[in-house]
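Here is the structure we will look at, set down as structure tokens.
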Amino acid sequence: MNFTQLKLENADEVIQLFYSTFRASENEEEAIAVSGLVTNYLQNYPRKDLKGFVALDGIQIVGCVFFSQLNYIESDVSVFILSPMAVKTDFHGKGIGQALINYAHQELRREGVNITMTYGDINFYSKTGYCPVSEDAIAAPLMLSYPDGWLAHSLDGTSDLKIEGPSSCITELNDQSLW
């Protein structure tokens, strides 16, 4: 298994990966929503505030994860949020998702990112260093429908998991239905 940064030439394959994975694990509506988000991401990619990483089995993309910048007005801490992520259904349970996130964390750390956030399943994301945080400690950009799923990870090992002030996200994530 190889890991690398996403290239725009792989856009169609990545969109299909998200659609088929979310259709199999969730439903058609979720598949359309998530693959639509990914399509929107890729219309203006690559860029500084959005990073994509892929897992390759030979030349086939079997996993993809995106991280986008969160801005905190009262802080100079560099923060990115993991959203969304997909691994082909045939490759579930093989540690590919965890390895892909760990690879992305290494790359983001190298670029000076201090903290990564995600909004999801603590049982999965805790395997890659995420822990629950309250919105009082680190504000989400929009209201969370499942506050227990707000998770943080210090990439540098020294950044407190507390950031003062409100936050904002990239345009594509600035949609309450995603939160």
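Output yes when any residue across segment 20-28 is more than 13 Å from V87 (Cα to Cα), of a type in the set (S, T, N, Q), touching a Phe, Trp or Tyr at 6+ places or on another chain (Cβ under 7 Å) and surrounded by fewer than 18 Cβ atoms within 10 Å (Cβ to Cβ), and no when none is. Lay out the reasoning, then the answer.
Of all residues in segment 20-28, those more than 13 Å from V87 (Cα to Cα) come to 26-28.
Now drop any that are not of a type in the set (S, T, N, Q), which leaves 27.
Add one more test, that the residue is touching a Phe, Trp or Tyr at 6+ places or on another chain (Cβ under 7 Å), and what stays is none.
Among the residues of segment 20-28, not one is more than 13 Å from V87 (Cα to Cα), of a type in the set (S, T, N, Q), touching a Phe, Trp or Tyr at 6+ places or on another chain (Cβ under 7 Å) and surrounded by fewer than 18 Cβ atoms within 10 Å (Cβ to Cβ), which makes the answer no.
For segment 70-97, a tally of residues being within 17 Å of L17 (Cβ to Cβ), crowded, with 16+ Cβ neighbours inside 10 Å and not β-branched (V, I, T) returns 8.
Note on segment 4-58: residues that are among the β-branched types (V, I, T) and modelled with pLDDT under 95 total 0. Checking each residue of segment 44-55 against the condition of being small (G, A, S), in a strand (DSSP E or B), in contact (Cβ under 8 Å) with a residue 24 or more places away in the chain and within 20 Å of I101 (Cβ to Cβ) gives at least one match.
Residues in segment 132-179 that are among the polar types (S, T, N, Q) and touching a residue at least 60 places away in the same chain (Cβ under 8 Å) were compared, and the one that is surrounded by the fewest Cβ atoms within 10 Å (Cβ to Cβ) is S177. For segment 5-19, taking the residues that are buried (at least 20 other Cβ atoms within 10 Å of the Cβ) and of a type outside the set (F, W, Y), the one that is nearest to V54 (Cα to Cα) is identified as L6.
Checking the structure you have, find out if any residue of segment 46-60 is among the β-branched types (V, I, T), within 15 Å of S83 (Cβ to Cβ) and out of contact with any Ser or Thr (no Cβ under 6 Å at 6 or more places or on another chain). For segment 46-60, residues among the β-branched types (V, I, T), within 15 Å of S83 (Cβ to Cβ) and out of contact with any Ser or Thr (no Cβ under 6 Å at 6 or more places or on another chain): absent.
The values are calculated or read from the model by the stated rules, or taken from the named source; none is laboratory data. Keep in mind the model is a prediction, meaning the values are calculated, not measured. Cβ: placed from backbone, ideal geometry, glycine included. Neighbour counts: every protein chain shown.
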